[in-house]
Amino acid sequence: MYSLMIYNLDKDKKTIKVSIAMRKRNTIQRALVFEAVNQLKCHATADEIYEAIVKEHPNISRATVYRNLKQLAETGEIRKMETPGGADRFDHQCHDHYHVKCEKCGRFFDVDMAYISGLEKSIQNNHGFVFTGYDILFRGICPDCQKSSERHDR
Ligand SMILES: [Zn+2]
Ligand SMILES: [Zn+2]
């Protein structure tokens, strides 16, 4: 009976140790993913974020990166951007803002302009919709692509 109790105690200790180690690992992975989103800045896709992390941390799995991106977006530490017809992108800027997509390279950039709040209130709501938000996506050619097309023109 006595030895059984000791055994259980040891097992509990082991379980606690394992869960602390796992929590530590989870925290580190989460921090890595958060840092990558902050460093990439230009609204990277989950794949691009994974590629950037795995270069320095070859043991991290794609599933781990995806899971952490989802969790960070849920807690509002990063923002998930849904793009029409494209992969979701992740943004380090968490305040409401608009984007411009480069038509040549497909990258997304922030647009410096005041956010229009309550725009959905001006909709003549004849169809009984409940509006929850909106996205404005501008189109353009980024400075890098303008430069490279100038070079081609010569
Ligand atoms: Zn471009
Ligand atoms: Zn942005």
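Each value in this text was obtained by applying a stated rule to the coordinates, not by laboratory testing. What you are looking at is a predicted structure, and each value in this text was computed from that prediction instead of being measured. So basically every Cβ, Gly included, is an ideal-geometry build from the backbone, and we count neighbours across all protein chains shown.
Show me the GluC sites (Glu not before Pro) within the range 25-134 that DSSP assigns to loop and that have at most 16 other Cβ atoms within 10 Å of their Cβ. Show your work: numbers first, answer last.
Working: sites: Glu35, Glu48, Glu51, Glu56, Glu74, Glu77, Glu82, Glu103, Glu120; in loops: Glu77, Glu82, Glu103.
Of the GluC sites (Glu not before Pro), the ones in loops of the range 25-134 whose Cβ has at most 16 other Cβ atoms within 10 Å are Glu77, Glu82, Glu103.
Apply the Karplus curve 6.51 cos²θ - 1.76 cosθ + 1.60, θ = phi - 60°, to the phi angles in the range 97-113 and return the couplings in whole Hz, x for Gly and Pro.
With coefficients 6.51, -1.76 and 1.60, one gets 7, 9, 10, 10, 9, 6, 6, 8, 9, x, 7, 10, 10, 6, 10, 7, 7 Hz.
Pop out the ³J(HN,Hα) list for the range 55-69 in order, Karplus 6.51 cos²θ - 1.76 cosθ + 1.60 with θ = phi - 60°, rounded to Hz; leave Gly and Pro as x.
With coefficients 6.51, -1.76 and 1.60, one gets 4, 9, 10, x, 7, 6, 9, 4, 4, 5, 4, 4, 4, 5, 4 Hz.
With θ set to phi - 60° and the Karplus curve 6.51 cos²θ - 1.76 cosθ + 1.60, what are the ³J(HN,Hα) couplings of the range 122-139 in order, to the nearest whole Hz, using x for Gly and Pro?
8, 6, 7, 8, 8, 10, x, 6, 9, 8, 10, x, 7, 10, 10, 10, 7, 10
Please identify every one of the trypsin sites (Lys or Arg not before Pro) in the range 36-120 that sits in a loop by DSSP and has no more than 16 other beta carbons within 10 Å of its own beta carbon.
Lys41, Lys104, Arg107
If you take every DSSP beta bridge whose two residues both sit in the chain, what share of them, in percent to the nearest 5, is antiparallel?
70 percent
Which of the lysines could a cross-linker span from Lys104 if the Cα-Cα distance has to be under 28 Å and same-chain partners fewer than 8 positions apart are dropped?
Hits, sequence-local ones excluded: Lys41, Lys55, Lys80, Lys147.
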